[in-house]
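Have a look at the structure below before the remarks.
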Amino acid sequence: MQTSTPDYRSSKAITPADRLIMALDVADAAAARALVEQLEDSVTFYKIGLELFMTPGYFDLLDWLVAHNKKVFVDLKFFDVPETVRSAIRALSGSGATLATIHGNQSIMEAAVKDKGELKVLAVTALTSLDRGDLDDLGFQCNVEELVLSRARRALETGIDGIVSSGLEAPMIRRELGERLLVVTPGIRPVENKPADDQKRTVDVAQAFRNGADYIVVGRPIRQAADPLAAARAIQQTIADIFPG
């Protein structure tokens, strides 16, 4: 007897087009702007991360995106003395960014929520590039699922808005914690779960949302496509089919 897979599809009031976050993991701000212009209106939400942060023009790019009515996910995964993280989040809160990431350590989360204003803060649970062997090397005695759930619970208790989690762990989060946290899922591969890159815990677009993701982050499958605009529109069509009306 076959049992149906639970559907944890998000019921949050998020515009379907905003559920796709495009990762601007490119060499510099000029390349990022060029890609945004190439993608036209197919993407409304962009992630700007560490690679761009190390080049000139990061905050000018953030301002440019906001001025062009794009939502911005500042993915710098702040990890420092808690008061330093608090100050960084406070400074970022007035930038127009929508989301920002911190590492999911208890004291860092407690500090980050104090002055975040309208900025939504996400705690990183376990990077999607990590597998069991990596966790062993880092000294974690628990498995990936236990680590993710523990950090998600602490994020919820602390007042953090959401988490960054692999689509493989999202059903567990929804089953245990409901829809109280935003779940942002990177490591998306549109066709099948056989990556030829550094992402190890991945799912496809439809499965990520059925597993409980509120947002997905997609980079290489769009950026490296023969036609990035067509690739982005195809993903948006999949999302529209999952969240009709």
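Structural remarks
- Within this structure, ILE188 fails the test of being modelled with pLDDT of 95 or more and either of a type in the set (Phe, Trp, Tyr) or open to solvent by less than 50 Å² (accessible area, probe 1.4 Å) (or both).
- Where SER165 falls short, out of the listed (1) over 15 Å from ILE14 (Cα atoms); (2) surrounded by 17 or more Cβ atoms within 10 Å (Cβ to Cβ); (3) at pLDDT 95 or above: (3)
- The number of residues in region 25-50 being without any contact (Cβ under 8 Å) to a residue 60 or more places away in the chain, within 16 Å of VAL217 (Cα to Cα) and of a type outside the set (Val, Ile, Thr) comes to 4.
- Test result for LEU122, open to solvent by less than 50 Å² (accessible area, probe 1.4 Å), under 22 Å from ALA155 (Cβ atoms) and outside any loop (DSSP other than H, G, I, E, B): yes
- Here GLN207 passes the criteria (1) within 19 Å of the chain's Cα centre (by Cα); (2) open to solvent by less than 60 Å² (accessible area, probe 1.4 Å); (3) modelled with pLDDT of 90 or more except the one numbered (2).
- Scanning region 1-40 for residues that are outside any loop (DSSP other than H, G, I, E, B) and of a type in the set (Gly, Ala, Ser) gives ALA17, ALA23, ALA29, ALA30, ALA31, ALA32, ALA34.
- The listed residues are ASP28, ASP41, and the only one of them that is open to solvent by 40 Å² or more (accessible area, probe 1.4 Å), out of contact with any Phe, Trp or Tyr (no Cβ under 7 Å at 6 or more places or on another chain) and closer than 19 Å to GLN224 by Cβ turns out to be ASP28.
- Hits in region 73-116 (condition: of a type in the set (A, V, I, L, M) and part of a helix (DSSP H, G or I)): VAL85, ALA88, ILE89, ALA91, LEU92, ILE108, MET109, ALA111, ALA112, VAL113
- Given (1) modelled with pLDDT of 95 or more; (2) at positive phi, index of the condition LYS120 fails: (2)
- Filtered residues of region 211-234 (kept if farther than 16 Å from VAL36 by Cα and either modelled with pLDDT under 95 or open to solvent by less than 20 Å² (accessible area, probe 1.4 Å) (or both)): ASN211, GLY212, ALA213, ASP214, ILE216
- Checked across region 47-68, the condition of being at pLDDT below 95, of a type in the set (Gly, Ala, Ser) and not in a helix (DSSP H, G or I) holds for no residue.
The values are calculated or read from the model by the stated rules, or taken from the named source; none is laboratory data. All values reported here derive from a predicted model rather than from experimental measurement. With ideal geometry, Cβ positions are generated from the backbone for all residues, glycine too; neighbour counts draw on all protein chains shown. All accessible areas refer to the heavy atoms of the entire protein, side chains included, with ligands and DNA or RNA removed. Shrake-Rupley method; radii C 1.70, N 1.55, O 1.52, S 1.80 Å.
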